[in-house]
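Here's the structure, in C-alpha cells; my notes come after.
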Amino acid sequence: ISLFTMNLRKINIPFISVFLIFFMGQSCSSPKPGVYTNDQIPAGKRSDFHELNTQLFDGLKANDPKSLSLIFSQDMIDRHYTLKQVETISNHIKEGAYTLMDEYYLVNKRKGNDTIKVTGRNINDHNLVIDAETPEMYLALFGQKSIPNQWMVSVIYCKLSYGWKVVLMDINPYTKNGKTSPELYELAKDKYTKHYLVDALNL
C-alpha cells in the first residue's frame, strides 16, 4: 500500500503541475479575434483598462505631462502638440467631469481599417473606423455630463512591446445646448420646413 501511494504521488504531482500551467495559459490568453463592446470585454481586461483610464485622467486633471509620460507611447511623448492637448483637456475638465461613455476592445487578425457599427441609438447611430495597427487595441470614449456644451475625449491604447500605451488622444465638441450634431440637424430641417430660415441656419 505504501509503495502504491508513493507511486501515485509521483504521478499526480507532475500531472497537477502541468494542469495548472495549462489552465493559467488558457486564462491569460487573448480572446478570439473580434470587437468586444462595453460589458462584452472580459472582466479582467476591462478592470486593467479602467485602471489605465483612471491614471490617464488623474494626469489630465492635474495637467501633469510628466506622470502621463508613463502611459503615453513614445510617439505621443515626441509629438509637439501633445502638451497642448493635455492642457486643453485639463481646462475642459474644470467645466465638467468626464465619464466613460463607451469602450471597445479590439483583437485584430491583420492590419488595416476596421469599422465598428454602433447601433440602437436611433438618430445617433454611427460608425467608428479604426486603423488596426497592433494585434490588441482599446478605444475609450469619454463625455461630460450636467453641462449643455459637452466635449468628448477619445483615447486609443495599443498593446506595444513595452506595455499598454496611449497612442492617440483627441478632444472635440460633442453637444451644443445639450444636443448632438444629428439631433441639431433634425431640428434645423424642422425649422426650415416651417420657413424659420434664420433659426435653421443657426442650428
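The values are calculated or read from the model by the stated rules, or taken from the named source; none is laboratory data. What you are looking at is a predicted structure, and each value in this text was computed from that prediction instead of being measured. Using ideal geometry, Cβ is built from the backbone for each residue, glycine included, and neighbour counts are taken over all protein chains shown. What goes into the accessible areas is simple: the full protein's heavy atoms, side chains included, and nothing from ligands, DNA or RNA. Shrake-Rupley method; radii C 1.70, N 1.55, O 1.52, S 1.80 Å.
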So I have [x] 0.94; [y] 1.17; [z] 1.15, and one of them is Rg/Rh (Cα atoms, Kirkwood Rh) calculated from this model. Which one is it? [y]
Hey, rough spin-label estimate for K94 and R110, points 7 angstrom out along Cα→Cβ, what's it come to in nanometres? 4.9 nm
Dipole magnitude of the stretch 71-121 about its Cα centre, charges +1 at Lys/Arg Cβ and -1 at Asp/Glu Cβ only, in debye to the nearest 20? 280 debye
Highest average packing first - 105-113, 121-129, 168-176, Cβ atoms within 10 Å: 168-176, 105-113, 121-129
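As an exercise, use a Förster radius of 30 Å and the Cβ-Cβ distance of Y162 and S47 to find the FRET efficiency, rounded to the nearest 0.05.
For Y162 and S47, the calculated efficiency is 0.90.
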Taking the Cα centre of the chain as origin, sum charge times position over the Cβ atoms of Lys and Arg (+1) and Asp and Glu (-1), and report the length of that vector in debye to the nearest 20. 480 debye
Kindly write out, for the stretch 154-170 in residue order, the coupling ³J(HN,Hα) from the Karplus curve 6.51 cos²θ - 1.76 cosθ + 1.60 (θ = phi - 60°), rounded to whole Hz, with x marking Gly and Pro. 10, 9, 10, 9, 10, 7, 9, 5, 10, x, 6, 9, 6, 10, 8, 9, 8
Which value in deg cm²/dmol, rounded to the nearest 500, describes the helix-derived mean residue ellipticity at 222 nm for the chain, given -39,500 (n - 2.57) per DSSP H run of n ≥ 4 and division by the residue count? -13500 deg cm²/dmol
Links that overshoot a 20 Å alpha carbon limit, given the list K84/K176; K145/K191; K109/K159; K66/K165; K61/K94; K94/K145: K84/K176; K145/K191
Using the charge dipole of the stretch 71-203 (Lys, Arg: +1 at Cβ; Asp, Glu: -1 at Cβ; taken about the Cα centre), state which of Y105, Y157, I116 has its Cα farthest towards the positive end. I116
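Roughly to the nearest percent, how much of the accessible area of the chain is carbon and sulfur, given a 1.4 Å probe? If you can, show how the numbers build up before the last one.
Numbers: 7750 of 13320 Å².
C and S fraction of accessible area: 58 percent.
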Keeping all protein chains in place, calculate the accessible area per residue for the chain (probe 1.4 angstrom), answer in Å². 66 Å²
For the stretch 193-203, just list the computed ³J(HN,Hα) in residue order, Karplus coefficients 6.51, -1.76 and 1.60, θ = phi - 60°, integers in Hz, with x standing in for Gly and Pro. 5, 8, 6, 8, 5, 5, 4, 4, 5, 4, 5
